[in-house]
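Working notes for the structure below.
Just so it is clear, none of the values below were taken in a lab; they were calculated from the coordinates. This one's a predicted model, so the numbers in the text were calculated from it and none came from an experiment. Neighbour counts run over all protein chains shown; Cβ positions are idealised from the backbone, glycine included.
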Amino acid sequence: MLEGKFDQASLLKKIIDSIRDSVKLCNFNCSQNDGITVQAIDDSRVLLIALKMDPGCFQEFRCDRDMVLGLDLESLGKILKQGNNEDYLTLIAEDNPDSLLIVFEDKKKDRISEFSLKLMDIDSDVLTIDDMDNDCSITMPSADFSKIARDFKTMSESLQIIVTKESVKFKAEGQIGSGSVIFKPHTDLDNPDESIKIDMNQPVNLTFGAKYLNDIVKASTLSSTITIKLTDKAPALFEFKLPSGYLRYYLAPKFED
Amino acid sequence: KLKQSSLNSFFKKA
């Protein structure tokens, strides 16, 4: 049996809102030690989502036996809208379940809402992602990166990320012209999350689809910082930390044809 | 002209 209780329904709501525009169907893998993990790839095979909700994400978590919950995220999203952000949210599934029970509890009133979501058999292949040695790692405020991704999408289909030891530059070239934003590393002692950290082994210059970056930055609601790991001629990793665990996006770059 | 690459060319199926 699975029983996972979130202190705030908003956490799961934000997670699902961050991934459901990229993938519609995905398997939630549940286990006592790892909590709930998900790997899902978008239909175009360009963006991979790796989610890890450790047991620490939950106020209470138990999973007696490993289980896989096949979920339609659009349907799950409809149910999650029924609860309030501050509610307790509990996911309950029997062994070999054909449905997932979702329970919202208001913390002040004696209101309990229960929903049952039908599960699906989802046949999806899993990719092996080795721990890569990255050429560059950038940690910056997620709001800043989100603004760049959203603003530059109005100018161009692609966003170039150029990292040197001194700076990270985001650059877009479109029909109306071009633009760039440069960030230099800095440490904000009063607000550490406002700091910008650049670790560079080798300079990198990569280009990504603006549409995918716009999907990725939807997760900015989950964390005030984002870590971007870049390696020449390889997919980039965009990571948002959860209270315990992470939401990662791997995005394949664009190349000169 | 830029061409979008696929994750399949970087990651193997598990």
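Positive contributions from Lys and Arg (+1) and negative ones from Asp and Glu (-1), summed over other residues with Cβ under 12 Å from the Cβ of A:Leu206, come out at +2. Across the alpha-carbon set of segment A:1-112, the Rg to Rh ratio works out to 0.96, Rh being the Kirkwood radius.
Think of it as helices only: each DSSP H run of n ≥ 4 in chain A is worth -39500 (n - 2.57), and spread over all residues that comes to -4500 deg cm²/dmol at 222 nm. Here the contact order of chain A, divided by its residue count and restricted to Cα pairs under 8 Å and six or more residues apart, works out to 21 percent. All C-alpha pair distances within segment A:156-202, sorted into 5 Å bins from zero, spread as 5, 20, 21, 18, 16, 11, 6, 2, 0 percent across the bins.
Other residues with beta-carbon under 9 Å from the beta-carbon of A:Ser224 carry, at +1 per Lys or Arg and -1 per Asp or Glu, a net charge of -2. Rg and Dmax, both from the Cα atoms of segment A:37-163 and both in Å, are 19.1, 54. Give a quick list of trypsin sites (Lys or Arg not before Pro) in segment A:160-257 that DSSP marks as loop, anything other than H, G, I, E or B, with at most 13 other Cβ atoms within 10 Å. When the trypsin sites (Lys or Arg not before Pro) of segment A:160-257 are filtered for loop state and at most 13 Cβ neighbours within 10 Å, A:Lys165, A:Lys233 remain.
The tail of the calculated P(r) for segment A:140-257 beyond 21 Å holds 35 percent of all Cα-Cα pairs. Which residues among segment A:162-176 fall inside the zone where the amide N is under 16 Å from a point 7 Å beyond the Cα of A:Thr154, along Cα→Cβ? A:172-176, by backbone N distance to the label point. Across every pair of non-identical alpha carbons in chain A, the mean reciprocal distance, once inverted, gives a Kirkwood radius of 19.5 Å. Electrostatic tally near B:Phe10: other residues with Cβ closer than 13 Å to its Cβ, Lys and Arg +1, Asp and Glu -1, net +2. In degrees between 0 and 90, to the nearest 10, how far off the longest principal axis of chain A does helix A:142-153 point, with axes built from Cα atoms? Roughly 70 degrees, rounded to the nearest 10. Apply the Karplus parameterisation 6.51 cos²θ - 1.76 cosθ + 1.60, with θ equal to phi minus 60°, to every residue of segment A:183-191 and state each ³J(HN,Hα) to the nearest whole Hz, in sequence, with x for glycine and proline. These are the phi-based 3J(HN,Hα) values: 10, 10, x, 7, 10, 9, 6, 6, 10 Hz. In a DSSP loop and with at most 15 other Cβ atoms within 10 Å, the trypsin sites (Lys or Arg not before Pro) in segment A:63-146 are A:Arg65, A:Lys81, A:Lys107, A:Lys108, A:Lys109, A:Arg111. Close amide-amide hydrogen proximity is noted between B:Ser5 and A:Lys254, A:Phe255, each under 5 Å apart and 5 or more residues distant or on a separate chain (H modeled in the peptide plane; Pro and chain starts excluded).
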